[in-house]
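One structure is given here, and the rest of the page talks about it.
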Amino acid sequence: MSGSDIAVVSAKGARRWQQGHPWIFRSDVVRRPDVPPGAVRVHDQRGKPIGVALWSPASEISLRMVDRDAGAILNGGWWRERIGAAIERRQSLASVANAYRLVHGEADGCPSLICDRYDRWLVVQMMSAGLEAFRSEIVAALQNLARPEGILARNDVPLRRKEGLAENVELLAGSVPEEVEVNEHGVRFLAAPWSGQKTGAFLDQRENRAYIGERARGRALDCFSYHGSFALHLAQRAESVVALDISGEALARASENCARNDIHNVELIEADAFDYLRARQRAGERFDTIVLDPPAFAKSRSALSGAIRGYKEINLRAMRLLSRGGLLFTASCSFHLTRPLFLDMLRDAAADSGRRIALRGLTGQPLDHPEILTIPETGYLKGALLEAVE
Ligand code: SAH
């Protein structure tokens with residue numbers, strides 16, 4: 001005998017969904033469904049159906065709403081339609097890059113599902129128990145829609161533990177190579193689907209790389225370079241580029257990527273960015289173009305104030321290193337450092353820099369990583385283009 005597949009949620013939980021946010025927390029579930037992870041129907045406390053959700057019994061985020069129609073059946077056709085619409089929204093990107101995100105979780109109505117395209121291969125992340133229950137439908141939909149040569153699950157994400165799921169890397173279909181050549185806006189670099197950061201590369205900075213690349217000149221510096229993907233764009237217009245990272249392994253890749261593009265004006269430096277920026281400032285050096293793309297310093301809300309000090313320090317030092325008219329593209333991918341806090345931090349750094357710093361542009365996430373206004377968790381990347389006017 002099977003239990004009830006109906007979840008009853010509080011007025012607060014129901015209102016959240018009505019206002020465009022799909023998460024319903026454990027504390028807002030008044031009656032828990034009595035079925036394993038998967039799809040459940042959701043009612044409000046008056047018994048009115050409000051939709052269908054993915055059910056994660058072990059998680060604090062117990063329900064992730066996916067459809068306003070409580071009669072919806074999450075079969076193969078449903079997933080094909082949902083994922084197909086997400087892929088359709090990215091059509092225009094195929095002409096500028098062969099790697100981009102096909103599904104950005106909640107932002108595409110597929111909570112806790114990430115799918116990135118790397119040329120002819122797909123890399124997915126399934127980050128909830130309720131979603132995991134539909135693994136075969138999702139894989140079938142992706143095969144049908146994108147016809148990839150292979151699908152890899154990079155499920156080695158700590159988030160899965162909160163869902164009672166194992167962390168692993170698993171081939172779901174076909175085969176996937178160790179390295180894939182990514183081509184974005186005419187620049188080529190290698191992504192590492194099995195072992196690289198995230199799903200193999202930082203696809204979310206694609207448009208920002210082109211944005212500063214088009215404006216680069218003179219002596220350029222790419223701090224936190226990883227595989228050199230900003231540096232490769234800077235090298236197109238700058239005279240010389242320093243690509244800096246604390247990881248020698250990351251720089252070895254950056255070096256291969258330079259060779260791949262026949263680029264010879266990039267110098268690779270293995271160093272701590274904080275030390276390097278301080279030393280260059282002491283030496284009175286100047287750069288005409290600087291990129292700061294650090295890892296998320298604030299991994300949690302409690303780490304925020306320390307993180308802000310870190311962000312401020314590197315930005316302050318970079319501002320001081322700019323030549324007159326020099327450009328700084330600075331980014332933060334910490335979700336907890338909101339856009340207003342990011343700007344406050346830059347204002348603070350500018351105030352201490354002794355320079356007159358103009359804000360030339362603000363950027364966010366590209367088309368394939370949509371930030372949904374009613375779902376703050378879908379947004380995390382902020383960028384600013386600054387110019388040292390004096
Ligand atoms: N700009 C890259 C992504 C950067 S990821 C891109 O667009 O693809 C962050 C990088 O910062 C990682 O490669 C990591 O090795 C490096 N890193 C972390 N802490 C650092 C530090 N203190 N100094 C220099 N590099 C650091």
(message) With the structure loaded, tell me whether Asn168 is without any contact (Cβ under 8 Å) to a residue 40 or more places away in the chain, more than 16 Å from the ligand (Cβ to nearest atom) and either touching a helix residue (DSSP H, G or I) at 6+ places or on another chain (Cβ under 9 Å) or outside the structural domain of Ala231 (by TED's automatic domain parsing) (or both) or whether it fails that test.
(response) yes
(request) Select, from Ile50, Ile83, Ile87, the only residue that is outside any loop (DSSP other than H, G, I, E, B), modelled with pLDDT of 95 or more, touching a Phe, Trp or Tyr at 6+ places or on another chain (Cβ under 7 Å) and outside the structural domain of Ile372 (by TED's automatic domain parsing). (result) Ile50
(message) Checking the structure you have, find out if any residue of the stretch 356-372 is surrounded by 19 or more Cβ atoms within 10 Å (Cβ to Cβ), in contact with a Leu (Cβ under 7 Å, 6 or more places away or on another chain), closer than 21 Å to Gly310 by Cβ and modelled with pLDDT of 95 or more.
(response) yes
(message) Every residue in the stretch 268-291 that is within 12 Å of the ligand (Cβ to nearest atom), in contact (Cβ under 8 Å) with a residue 12 or more places away in the chain and not hydrophobic (A, V, I, L, M, F, W, C), please.
(response) Glu270, Asp272, Tyr276, Arg278
(request) Filter the stretch 292-310 down to residues that are under 17 Å from Arg347 (Cα atoms) and within 12 Å of the ligand (Cβ to nearest atom) and give me whichever is surrounded by the most Cβ atoms within 10 Å (Cβ to Cβ). (result) Leu292
(request) Filter the stretch 53-107 down to residues that are out of contact with any helix residue (DSSP H, G or I) (no Cβ under 6 Å at 6 or more places or on another chain) and among the polar types (S, T, N, Q) and give me whichever is surrounded by the most Cβ atoms within 10 Å (Cβ to Cβ). (result) Asn98
(message) If Ala298 meets every condition in (1) more than 19 Å from Arg188 (Cα to Cα); (2) at pLDDT 95 or above apart from one, which number is that one?
(response) (2)
(message) I'd like the residue in the stretch 209-224 that is within 8 Å of the ligand (Cβ to nearest atom) and touching a residue at least 40 places away in the same chain (Cβ under 8 Å) and, out of all such residues, is nearest to Asp262 (Cα to Cα).
(response) Asp222
(message) For a quick check of your reading: which helices (runs of 4 or more DSSP H) sit entirely within the stretch 213-292 and have at least 3 residues that are under 24 Å from the mean Cα position of the chain (by Cα) and modelled with pLDDT of 95 or more?
(response) 229-234, 248-260
(message) For the list (1) in contact (Cβ under 8 Å) with a residue 60 or more places away in the chain; (2) surrounded by fewer than 22 Cβ atoms within 10 Å (Cβ to Cβ); (3) more than 9 Å from the ligand (Cβ to nearest atom), I need the number of the one condition that Thr199 fails.
(response) (2)
(message) For the stretch 175-196, give me each residue that is hydrophobic (A, V, I, L, M, F, W, C) and within 10 Å of the ligand (Cβ to nearest atom).
(response) Phe189, Ala191
(message) Anything in the stretch 131-166 that is farther than 21 Å from Tyr118 by Cβ, among the charged types (D, E, K, R) and surrounded by fewer than 20 Cβ atoms within 10 Å (Cβ to Cβ)? List them, or say none.
(response) Glu137, Arg161, Lys162
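The values are calculated or read from the model by the stated rules, or taken from the named source; none is laboratory data. Quantities reported herein were computed from a predicted structural model and do not represent experimental measurements. For neighbour counting, all protein chains shown are included, and Cβ atoms are generated from backbone atoms with ideal geometry for every residue, glycine included.
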